[in-house]
Amino acid sequence: MTALPGELPVAADPPGTGQAAEDLRTLFGESIAVFAALAGPEHRVEAANPAFVAAVGEQRARTGVPLVEVLPELAAQGFVDLLDEVYRTGEPYTGRDARVVLGTGPHAREAYFDFTYEPRRDADGTVFGIRVIGVETTQVKQAQRLMAEHRAMLEQIARQAPLTEVLDGMARCIEKLAPQEMLVSVLLADPDGRHLRHGAAPSLPDFYNEAIDGIATGEGVGSCGTAAHRRESVIVTDIAVDPFWADFRDLAGRAGLAACWSTPILARDGSLLGTFAMYHRTPRVPQDTDLALARVFAGTAALAIERHHIEQAKLAAETRAKAARDDLAKAVRAERELRAEAEQRASAAAELNTKMRAAAAAQATTPHPETCQLGGTQKCTAPAEIKIADSWGDSAWGCPRHVEEAILNVRTVFIASEELGGLAAYLNR
């Protein structure tokens, strides 16, 4: 047990209680348990161990004064009333995982304790003070909550939940875990790392999210733009006076924001993925637990964002592969159709050639012009061998080349019999 330096000496217990007080000093002197000996109905602090000093803060810890002067914030939280009740009734009181806010303003912190108020009695059994014995459970409680929430987030990532769902859930989780009101924002870096886009910010007003969507990364561009540029955390405890917020101060004021701590979200290769920001309604200095929380969830966000990028790249590759397969299938179908068409044309040409040869042989003895009549204005001097006609009865004689040309190009033309007349229209084309 130690008396706090520079303050009133520790008062001795009444006769008959000295050995008990010494035993307690021995027991709690170096313990992690919080211990304080209080005296009188005003609960004057007589002695306290180092764990109590650490919990209270060395700058506030004093002896010889009522506890409410050391920790005035306890009165509004009901703990002084409990001391009064124990002092009056002589019945001890035990609290489990009791929440207490220690300090005020930017340096206030939330803590949890298992504690006992035990009455101190003199030799006659009269209560003359109270012993406060407690163990801080803040870290254990926060760790349990953090582990549960973190596990749920990892399960979301593992089942490939949409990135917006993961980031929104993460933001809400951190806001719930924070000891004081906190508003979380996640911004995502463009592929070139030069701008930040809205990712998730469930508790920030829409006008604020829209205004910062697309801000540049650079020195002095708020907390997030600067953190992204530096690739390191940027802590702004008072937006109203910080130069980084000169261009955004009015915007932050309209949104009711007074502090912003931003942590860059980095990929495993060090490239920028985005930023993770914690906003506060009042100027505030971060505790070590706040910074640790930011690092943990910035790492989790990095895992979710990288997983999203991998999935997006995979989907893009699959889309390109499907398009290539579809194009190949179209080319194969077109090639098959062209081949079939070519085969049909070849078959039709062979059949036509056979008919033309047969016609030439059959008409060889029939009187006919010596040269082809189907050459048009260019004339054709090839021997006339085959007679063709159309459905109107016009007919003419031609060489095999021009006969084939006429049959293929004029749908009504066919190899003629001897009785049909000439192809006047075709002759004069």
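The values are calculated or read from the model by the stated rules, or taken from the named source; none is laboratory data. All figures in this text were calculated on a predicted structure; none of them were measured in a lab. All Cβ positions, even for glycine, are placed from backbone atoms using ideal geometry, and neighbour counts span all protein chains on display. The area values use the complete protein model at the heavy-atom level, side chains included, leaving out ligands, DNA and RNA. Shrake-Rupley method; radii C 1.70, N 1.55, O 1.52, S 1.80 Å.
Close contacts from segment 334-353, counting a first residue that is at negative phi and of a type outside the set (Phe, Trp, Tyr) and a second that is in a helix (DSSP H, G or I) and open to solvent by 100 Å² or more (accessible area, probe 1.4 Å), with Cβ to Cβ under 9 Å and a gap of 6+ residues or different chains, come to 348/408; 349/408; 352/408. Residue 341 passes all but one of (1) touching a strand residue (DSSP E or B) at 6+ places or on another chain (Cβ under 7 Å); (2) of a type in the set (D, E, K, R); (3) open to solvent by 50 Å² or more (accessible area, probe 1.4 Å); which number fails? Status for residue 341: all satisfied but (1).
Filtered by the rule that a residue be open to solvent by less than 20 Å² (accessible area, probe 1.4 Å) and in a loop (DSSP other than H, G, I, E, B), segment 217-261 gives 218, 239, 257, 258. Checking each residue in segment 174-198 for being outside any loop (DSSP other than H, G, I, E, B) and open to solvent by 10 Å² or more (accessible area, probe 1.4 Å) picks out 175, 176, 177, 188, 189, 195, 197, 198.
Residue check: residue 116 meets all listed conditions (1) in a strand (DSSP E or B); (2) more than 47 Å from the chain's Cα centre (by Cα) but one, namely (2).
Among the residues making up segment 262-278, a single one is open to solvent by 10 Å² or more (accessible area, probe 1.4 Å) and closer than 20 Å to residue 238 by Cβ: 263. In this structure, does residue 153 turn out to be under 22 Å from residue 288 (Cα atoms) and either open to solvent by 40 Å² or more (accessible area, probe 1.4 Å) or in contact (Cβ under 8 Å) with a residue 12 or more places away in the chain (or both)? It is false that residue 153 is under 22 Å from residue 288 (Cα atoms) and either open to solvent by 40 Å² or more (accessible area, probe 1.4 Å) or in contact (Cβ under 8 Å) with a residue 12 or more places away in the chain (or both).
Residues that are outside any helix (DSSP H, G or I) and in contact with a helix residue (DSSP H, G or I) (Cβ under 7 Å, 6 or more places away or on another chain) were ranked within segment 283-299; the one that is nearest to residue 208 (Cα to Cα) is 283. Against the definition (exposed (fewer than 13 other Cβ atoms within 10 Å of the Cβ) and either aliphatic (A, V, I, L, M) or at pLDDT below 85 (or both)), how does residue 346 come out, yes or no? Criteria met by residue 346. For the structure I just gave you, tell me whether residue 110 is surrounded by 12 or more Cβ atoms within 10 Å (Cβ to Cβ) and without any contact (Cβ under 8 Å) to a residue 24 or more places away in the chain. Here the answer is no, as residue 110 does not meet what is asked.
Does residue 300 count as open to solvent by less than 10 Å² (accessible area, probe 1.4 Å), touching a Leu at 6+ places or on another chain (Cβ under 9 Å) and of a type in the set (S, T, N, Q)? Judged against the criteria, residue 300 is a match. Going through (1) surrounded by 16 or more Cβ atoms within 10 Å (Cβ to Cβ); (2) aliphatic (A, V, I, L, M); (3) modelled with pLDDT of 90 or more; (4) more than 23 Å from residue 182 (Cα to Cα) one by one, residue 65 falls short only on (1). Residues of segment 379-413 that are surrounded by fewer than 19 Cβ atoms within 10 Å (Cβ to Cβ), out of contact with any strand residue (DSSP E or B) (no Cβ under 7 Å at 6 or more places or on another chain) and farther than 20 Å from residue 349 by Cα: 379, 391, 392, 393.
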